Amino acid sequence: MEFDVFTLLPEVFPPYLESSILQRARQRGLIEVRVHNIRDWAADKHHVTDDVPYGGGGGMVMKPEPVFAAVEAVLGAGPQACCPLILLTPQGRVFNQNIAFELSRLPRLGLLCGRYEGIDERIREHLVTDEISVGDYVLTGGELPALILIDAVSRLLPGVLGDPDGALDDSHASGLLEYPHYTRPPEFRGWKVPEILLSGDHAKINRWRREQSLARTLRQRPGLLERAPLSEADRKFLEEISRSSDSQKP
Ligand SMILES: C[S@@+](CC[C@H](N)C(=O)[O-])C[C@H]1O[C@@H](n2cnc3c(N)ncnc32)[C@H](O)[C@@H]1O
């Protein structure tokens, strides 16, 4: 999958993209990330990319001309554009695993990172095709959100993770939070690994993990259970633990 990132801070990207799983995915040709400096498309002598807002108020606004020029040069213009252009913005639909799956089916994606007070509205209206937020808080720029999106989408692509099924059990992939993990040693400071994980009985381990996922989701994110695909056995287990926690209430 190919990503084209448009930013005023291209130097932010290499340290992360050149580490660990994303680095391996790039070296193996599974993803390609091209980072474009919007400033390179600013036509004036000083490569100005921002200006004061019409109507007054503090902060600066990203000018439309260099952003349009950069995006149209790389992705193509209007209906001829090769792929969607996502604006990272706290005003967009909130990113989640389903959106990551949806995007992972695309061959190519443009990502536009805002800075300052944000972008000139005409960019949003006439260039951007989708808007994504990484949560209800405000960052100084769209670079971290773009990296979050690239990371979450890339690890869903075939071959990127060492374990091909690795992403299937992850939190949110199945609509539930993931079960707890343990590794060696079997006892640390007196805290023991649950006996069942050492038993070698995979059917029992799978059931234990499913129940841990259900219990953890009920405790930490009960709203997720409304949409999660649940079996009869899952529902029975949830009823039992809800009943036993009710009976412990004063
Ligand atoms: C300081 S923010 C501007 C926020 C803007 N004034 C507003 O209230 O919507 C600068 C840039 O950071 C990025 N950004 C900030 N928070 C974000 C979030 N939660 N998700 C995605 N991008 C975000 C956007 O690209 C935004 O244009």
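Could you grab me the full set of residues in the stretch 125-152 that are near the ligand (Cβ under 10 Å from one of its atoms), among the charged types (D, E, K, R) and either assigned to a helix (DSSP H, G or I) or exposed (fewer than 15 other Cβ atoms within 10 Å of the Cβ) (or both)? Before you say what the answer is, go through the steps one by one.
At the first step, the residues of the stretch 125-152 found to be near the ligand (Cβ under 10 Å from one of its atoms) are 131-146, 148-149.
The next check asks that each one be among the charged types (D, E, K, R); those that pass are 131, 136, 143.
The answer is ASP136, GLU143.
Would you point out which residue out of ARG184, ARG210 is in a loop (DSSP other than H, G, I, E, B), basic (Lys, Arg) and away from the ligand (no atom under 16 Å from the Cβ)? Give the steps one after another, and end with the answer.
Working: ARG210 fails: in a loop (DSSP other than H, G, I, E, B).
It is ARG184.
What is the residue count in the stretch 15-36 for residues that are part of a loop (DSSP other than H, G, I, E, B) and either surrounded by 15 or more Cβ atoms within 10 Å (Cβ to Cβ) or among the polar types (S, T, N, Q) (or both)? Spell out how you get there, then give the answer.
We begin by selecting, within the stretch 15-36, every residue part of a loop (DSSP other than H, G, I, E, B); these are 18-19, 28-31.
Filter once more, keeping what is either surrounded by 15 or more Cβ atoms within 10 Å (Cβ to Cβ) or among the polar types (S, T, N, Q) (or both): 19, 30-31.
Within the stretch 15-36, residues that are part of a loop (DSSP other than H, G, I, E, B) and either surrounded by 15 or more Cβ atoms within 10 Å (Cβ to Cβ) or among the polar types (S, T, N, Q) (or both) number 3.
From the residues in the stretch 37-76 that are of a type in the set (Asp, Glu) and in a strand (DSSP E or B), which one is surrounded by the most Cβ atoms within 10 Å (Cβ to Cβ)? Explain how you work it out, then say what you get.
As a first pass, look at the stretch 37-76 and keep what is of a type in the set (Asp, Glu): 40, 44, 50-51, 65, 72.
Cutting the leftovers down to in a strand (DSSP E or B) gives us 50-51.
On the way: ASP50: 18, ASP51: 13.
Within the stretch 37-76, the match that is surrounded by the most Cβ atoms within 10 Å (Cβ to Cβ) is ASP50.
Scan ALA81, ALA25 and give me the residue that is over 21 Å from the mean Cα position of the chain (by Cα) and either among the small types (Gly, Ala, Ser) or not assigned by TED's automatic domain parsing to the domain that holds SER133 (or both).
Values: ALA25 fails: over 21 Å from the mean Cα position of the chain (by Cα).
After applying the criteria, what remains is ALA81.
Among the residues of the stretch 101-124 satisfying the criterion of being in a strand (DSSP E or B) and within 9 Å of the ligand (Cβ to nearest atom), which is farthest from LEU8 (Cα to Cα)? Spell out how you get there, then give the answer.
Taking the stretch 101-124 as the starting set, the residues that turn out to be in a strand (DSSP E or B) are 108-113, 119.
If we keep only those that are within 9 Å of the ligand (Cβ to nearest atom) too, we end up with 112-113, 119.
Details: LEU112: 10, CYS113: 8, ILE119: 12 Å.
Residue satisfying both the conditions and the ranking: ILE119.
Please state which one of ILE86, ILE119 is in contact (Cβ under 8 Å) with a residue 24 or more places away in the chain, more than 23 Å from MET1 (Cβ to Cβ) and surrounded by 21 or more Cβ atoms within 10 Å (Cβ to Cβ). Lay out the reasoning, then the answer.
Numbers: ILE86 fails: more than 23 Å from MET1 (Cβ to Cβ).
On inspection, the qualifying residue turns out to be ILE119.
Considering each of GLN248, GLN220 in turn, give the residue that is closer than 28 Å to LEU88 by Cβ, surrounded by fewer than 16 Cβ atoms within 10 Å (Cβ to Cβ) and of a type outside the set (Lys, Arg). Can you show your working first?
Details: GLN248 fails: closer than 28 Å to LEU88 by Cβ.
On inspection, the qualifying residue turns out to be GLN220.
The values are calculated or read from the model by the stated rules, or taken from the named source; none is laboratory data. All values derive from a computational prediction rather than experimental measurement. Here Cβ is always computed from backbone atoms with ideal geometry, including for glycine, and neighbour counts include all displayed protein chains.
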